[in-house]
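Have a look at the structure below before the remarks.
The values are calculated or read from the model by the stated rules, or taken from the named source; none is laboratory data. Bear in mind the structure is a predicted one, so any value in this text is a computation, not a measurement. A quick note on method: Cβ atoms are made from the backbone with ideal geometry, for glycine too, and the neighbour counts reach across all protein chains shown. Only protein heavy atoms, including side chains, enter the accessible area calculation; ligands, DNA and RNA are left aside. Shrake-Rupley method; radii C 1.70, N 1.55, O 1.52, S 1.80 Å.
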Amino acid sequence: MEIERKYLIHTLPEHLERYPYREIEQGYLNTDPVVRIRRTDDEYTLTYKGKGLMIREEYNLPLNEASFVHLKEKIDGRLIRKRRYLIPLDDGLTVELDVFSGDLAPLCLAEVEFETEEAARAFAPPQWFAEEVTFSPAYHNSSLSRR
């Protein structure tokens, strides 16, 4: 189960270079239901995501590089490329800040994952977060792959 809230970011936090990051490529074999392939640095996964906005089922299976390359030829829509920064918050939470490249630039989205729905609802975002888009399907990466 994935429980997360998502926000647009208009101004990046200072000293972004201080935070660890991952280079991500991802594409969608299907968007209803969501079936995604992803390369995160040198790791490869196939993911199924159920319906939902703030809360939804998510299952990840490992892939090898050859399988990823083979499936990448079969994606519908664009291949999404982004750099994901991992920025710690209080209470042990982490912001996953996605800075998109290519034709999705200069889009920046921040996601925060939670252990419980109650924790997600109680979350007070930092001041550098802009409007919340958790409940807007337009900002799911599967939707962005088709725009």
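Pull up segment 49-75, narrow it to residues that are within 30 Å of Thr116 (Cα to Cα) and basic (Lys, Arg), then point me to the one that is surrounded by the most Cβ atoms within 10 Å (Cβ to Cβ). Here the residue is Lys49.
Within segment 11-34, residues that are farther than 21 Å from Pro137 by Cα have Cβ atoms under 7 Å from residues that are open to solvent by 50 Å² or more (accessible area, probe 1.4 Å) in these pairs: Thr11/Trp128; Pro13/Trp128; Tyr21/Arg83; Arg22/Asp41; Glu23/Asp41; Glu23/Arg83, counting only partners at least 6 apart in sequence or on another chain.
Filter segment 109-139 down to residues that are open to solvent by less than 20 Å² (accessible area, probe 1.4 Å) and either among the charged types (D, E, K, R) or free of Cβ contacts under 8 Å to residues at least 40 places away in the same chain (or both), then give me how many there are. Matching residues across segment 109-139 total 1. Filtered by the rule that a residue be farther than 17 Å from Gln26 by Cβ and either without any contact (Cβ under 8 Å) to a residue 12 or more places away in the chain or of a type in the set (S, T, N, Q) (or both), segment 43-87 gives Gly52, Ala66. When you check Glu2 against the structure, is it touching a residue at least 24 places away in the same chain (Cβ under 8 Å) and out of contact with any Phe, Trp or Tyr (no Cβ under 9 Å at 6 or more places or on another chain), yes or no? Judged against the criteria, Glu2 is a match. Within segment 27-46, does at least one residue satisfy the condition of being in contact with an Asp or Glu (Cβ under 7 Å, 6 or more places away or on another chain), surrounded by 12 or more Cβ atoms within 10 Å (Cβ to Cβ) and of a type in the set (Gly, Ala, Ser)? No, the conditions are met nowhere in segment 27-46. Could you list all residues from segment 76-96 that are more than 20 Å from Ser145 (Cα to Cα), open to solvent by 40 Å² or more (accessible area, probe 1.4 Å) and assigned to a strand (DSSP E or B)? Listed by number, the residues that qualify are Pro88, Thr94.
Every test in (1) open to solvent by 60 Å² or more (accessible area, probe 1.4 Å); (2) under 20 Å from Leu16 (Cα atoms); (3) touching a helix residue (DSSP H, G or I) at 6+ places or on another chain (Cβ under 9 Å); (4) not aliphatic (A, V, I, L, M) is passed by Pro106 save one, and that test is (3).
So which residues in segment 124-145 are among the hydroxyl-bearing types (Ser, Thr, Tyr) and assigned to a loop (DSSP other than H, G, I, E, B)?
Applying the first criterion (among the hydroxyl-bearing types (Ser, Thr, Tyr)) to segment 124-145 yields 134, 136, 139, 142-143, 145.
Across segment 124-145, the qualifying residues are Thr134, Ser136, Ser145.
Among strands (runs of 3 or more DSSP E) entirely within segment 4-55, having at least 2 residues that are of a type in the set (Ser, Thr, Tyr) singles out 21-31, 43-49.
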